[in-house]
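This report concerns only the one structure given below.
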Amino acid sequence: MALVLGIESSCDETAVALVDSERHIVAQRIASQDEDHAPFGGVVPEIAARAHAERLAPMIAGVLEDAGIALSECDAIAATAGPGLIGGVMVGLVSAKALAMATDTPLIAINHLEGHALSPRLADESIAFPYALLLVSGGHCQILRVDGVGEYRRLATTIDDALGEAFDKTAKILGLGFPGGPAVERAALEGDARAVPLPRPMVGSGEPHFSFAGLKSAVLRAHESGQYETADIAASFQQAAVDCVTDRLRIALAEMDDVDTLVVAGGVAANATVRAALEQLAVDHDMRFAAPPPKLCTDNAAMIAWAGIERLGQSDPLDISARPRWPLDPEAEPVRGAGVKA
Ligand code: KG4
Ligand code: ZN
């Protein structure tokens, strides 16, 4: 049995986990920075990097202590090497390099998006390749075909905002606080999803790409009109977002008719309405549906350690660089209007 230490620091969670090849999360710690960033209504990169630097070392020691395991017993150290906020990524990667060098343990540099992409396999051993993946987080919104570890074909991406970003901006407009996704989901529980007419950008387009900027502007107009209850706007936004996602997926799935499993991962996959809609979509397509438990959807180190397990045998050089951008599918064509997000 193999054991990997995982380190995640690419955004606003400092996380460390020990995972074994039998899919046990032996120990893990997560320190959220929500309180540090809440006054600013979003993640401030400099504050994030400093918080990672302060918290990471004691957390690594803590996780090893919780498990009663010495670093030298680990088969590899897996750390997020990008994409993400570069200051934070560097803190995690440099720490992993130092530990790898000191204990002569292989270093595995993990793409954070691959961590999300493989997380369903940590949660459920029966998830086999290939699968169709909806990856929805704060920075990314993609539909991918996953044929194996390192084998990703991107079929769709967003031409402006990521889905998590749209939830966060909606929360900000509605004054629901930070982080936005869970706050919108909570508010939506009390609202009527048909109360506010909102657009479904890209729906009907033959390409499976996403766009959420127009939806966000419509949320702002609805809010400023003073005509609607906050909960109704939240519920109507969430429904519009879900309608966009299922419509876009229908287009992409038509290009993957040999794939029988639909998987969702990333922070927004924690949303119950999103999960329910995807489950129904899978039923309609005669596909199996899988979503990791919510705690494995939002950023965590268990998924990074698991990606390390999937990549055991790999050993990256200690001078490997942190990468602010690192697309899962480097061959994917740039999309009209797409920003610089990998
Ligand atoms: O994967 P993640 O933790 O970090 C990134 O890699 O970006 O995703 C964070 C995103 C945020 O935009 C957050 O608002 C969103 O996921 N999110 C949710 C929910 N929980 C987190 N969005 C909708 N509903 C949720 N329950
Ligand atoms: Zn993430």
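The values are calculated or read from the model by the stated rules, or taken from the named source; none is laboratory data. Since the model is a prediction, treat every value here as computed from it, not as a measurement. Here the Cβ is made from the backbone with ideal geometry for all residues, glycine too, and neighbour counts use every protein chain on show.
Remarks
- Filter result for Arg200 (surrounded by fewer than 23 Cβ atoms within 10 Å (Cβ to Cβ) and modelled with pLDDT of 95 or more): yes
Yes or no, residue by residue, for (1) assigned to a helix (DSSP H, G or I); (2) in the same structural domain as Met202 (by TED's automatic domain parsing); (3) on the phi > 0 side of the Ramachandran plot; (4) crowded, with 23+ Cβ neighbours inside 10 Å:
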| residue | (1), (2), (3), (4) |
| --- | --- |
| Thr246 | yes, yes, no, no |
| Val259 | no, yes, no, no |
| Val268 | yes, yes, no, yes |
| Ala276 | yes, yes, no, no |
| Leu281 | yes, yes, no, no |
| Arg323 | no, no, no, no |
| Pro334 | no, no, no, no |
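- Residue in segment 107-119 that is touching a His at 6+ places or on another chain (Cβ under 9 Å) and more than 16 Å from ligand 1 (Cβ to nearest atom) present: no
- Evaluation of Asn300 against (1) within 14 Å of ligand 2 (Cβ to nearest atom); (2) under 17 Å from Glu125 (Cβ atoms); (3) not aliphatic (A, V, I, L, M) (one fails), failing number: (2)
- Looking only at residues of segment 88-112 that are of a type in the set (S, T, N, Q) and more than 19 Å from the chain's Cα centre (by Cα), we find that the one that is farthest from ligand 2 (Cβ to nearest atom) is Thr103.
- When residues of segment 34-43 are limited to those that are within 18 Å of the chain's Cα centre (by Cα) and surrounded by 15 or more Cβ atoms within 10 Å (Cβ to Cβ), the one modelled with the highest pLDDT: Val43
- If the condition is being surrounded by 14 or more Cβ atoms within 10 Å (Cβ to Cβ) and among the charged types (D, E, K, R), then segment 13-33 contributes Glu13, Asp20, Arg23, Arg29.
Okay, residues lined up against (1) within 15 Å of Val219 (Cα to Cα); (2) away from ligand 1 (no atom under 11 Å from the Cβ); (3) modelled with pLDDT of 95 or more; (4) buried (at least 24 other Cβ atoms within 10 Å of the Cβ):
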residue	(1), (2), (3), (4)
His140	no, no, yes, yes
Leu144	no, yes, yes, yes
Glu151	no, yes, yes, no
Thr158	no, yes, yes, yes
Phe167	yes, no, yes, yes
Phe178	no, no, no, no
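- Any hit, segment 71-85, residues being within 16 Å of ligand 2 (Cβ to nearest atom) and either out of contact with any Ser or Thr (no Cβ under 9 Å at 6 or more places or on another chain) or assigned to a helix (DSSP H, G or I) (or both): yes
- Selection within segment 124-138 - in contact with a helix residue (DSSP H, G or I) (Cβ under 7 Å, 6 or more places away or on another chain), of a type outside the set (S, T, N, Q) and buried (at least 21 other Cβ atoms within 10 Å of the Cβ): Ala132, Leu133, Leu134, Leu135, Val136, Gly138
- Odd one out for Leu56 among (1) part of a strand (DSSP E or B); (2) touching a helix residue (DSSP H, G or I) at 6+ places or on another chain (Cβ under 9 Å); (3) without any contact (Cβ under 8 Å) to a residue 60 or more places away in the chain: (1)
- The residues listed here are Ala132, Ala123; of these, the one that is within 16 Å of ligand 2 (Cβ to nearest atom), farther than 27 Å from Ala57 by Cβ and either among the hydrophobic types (A, V, I, L, M, F, W, C) or at pLDDT below 95 (or both) is Ala123.
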